[in-house]
1. May I ask you to list the GluC sites (Glu not before Pro) in the range 8-52 that are in a DSSP loop and have at most 14 other Cβ atoms within 10 Å of their Cβ?
2. Loop only by DSSP, 14 or fewer other Cβ within 10 Å of the Cβ. Give me the trypsin sites (Lys or Arg not before Pro) in the range 49-158 that pass, ordered by residue number.
3. Rounded to whole Å and ordered largest first, report the semi-axes of the equivalent ellipsoid of the chain derived from its Cα gyration tensor (root of 5λ).
4. Return the carbon/sulfur percentage of the accessible area of the chain, one whole number, probe 1.4 Å, all protein chains in place.
5. Taking H as built 1.01 Å from N, whose amide H comes closer than 5 Å to the amide H of Leu136, not counting residues under 5 places away?
6. Counting helices only, and only those DSSP H runs with n ≥ 4, report the 222 nm mean residue ellipticity of the chain as the sum of -39,500 (n - 2.57) divided by its residues, in deg cm²/dmol to the nearest 500.
7. For the range 69-86, list residues with backbone N below 18 Å from a point placed 7 Å from the Cα of Arg22 toward its Cβ?
8. Who wins for biggest fluctuation among Ala126, Ala111, Ala97 in a Gaussian network model of the chain, springs between alpha carbons below 10 Å?
Amino acid sequence: PGPPLVVEGTVYAPDGETPAPRVVLYVYQTGLDGLYQASGESVPRIRGYMKTDEQGRFRYRTIRPGSYPSSRIPPHIHTQLWGGAYEAQWNQDVNFADDPFVSEGQKRESAAAGRFAWICDPKKDAAGLLHCTHNLKLKPHGDRFEGSVRHGLDNPNG
């Protein structure tokens, strides 16, 4: 359960101009309760894999995440990218402009990133779906993934 959300965007090469086709995008998040896993599970219960199309575009449907219990950390959606000749890497999390835990400084920093802003202003369509745009720019080099966050890389088929 939770407010339905559609996130779409384009993944770009490190130059920020060239769309990146066939890149795997792995996303994961908490539920509305702010928890990643169901009891006894080791991977997030809300997660998904997709591959960008020939123009680097992607789209996924999820729910709006909740904040971690007893925290002031803004609810967010994590993103990892790899493939299409790019090493595995973290990218910007999706955050939400109307969230009270997102500071004005964070909003300014995100806005300064232009089309690569990570704080979205969700808009509701006639059917009640929230929509966000989240464009991503690949880094020229990959990142190190600790054991607790390797679940996307270690289990690419879900």
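The values are calculated or read from the model by the stated rules, or taken from the named source; none is laboratory data. This structure is a prediction, so every number in the text was calculated from the model and none was measured. Quick reminder, even Gly has a Cβ in these numbers, built from the backbone with ideal geometry, and neighbours come from all protein chains shown. In case anyone asks, the SASA skips ligands and DNA or RNA and just uses the protein heavy atoms, side chains included. Shrake-Rupley method; radii C 1.70, N 1.55, O 1.52, S 1.80 Å.
1. Details: sites: Glu8, Glu17, Glu41; in loops: Glu17, Glu41.
Passing sites in the range 8-52 are Glu17, Glu41.
2. Sites meeting the loop and neighbour criteria: Arg72, Arg144, Arg150.
3. So the equivalent ellipsoid measures 23, 20, 15 Å along its semi-axes.
4. Numbers: 4220 of 8350 Å².
Heavy-atom surface of the chain belonging to carbon and sulfur, 1.4 Å probe: 51 percent.
5. Thr10, Val11, Tyr12
6. Theoretical 222 nm ellipticity from helices: -2000 deg cm²/dmol.
7. The answer is 81-86.
8. Of the options given, Ala126 has the highest mean-square fluctuation.
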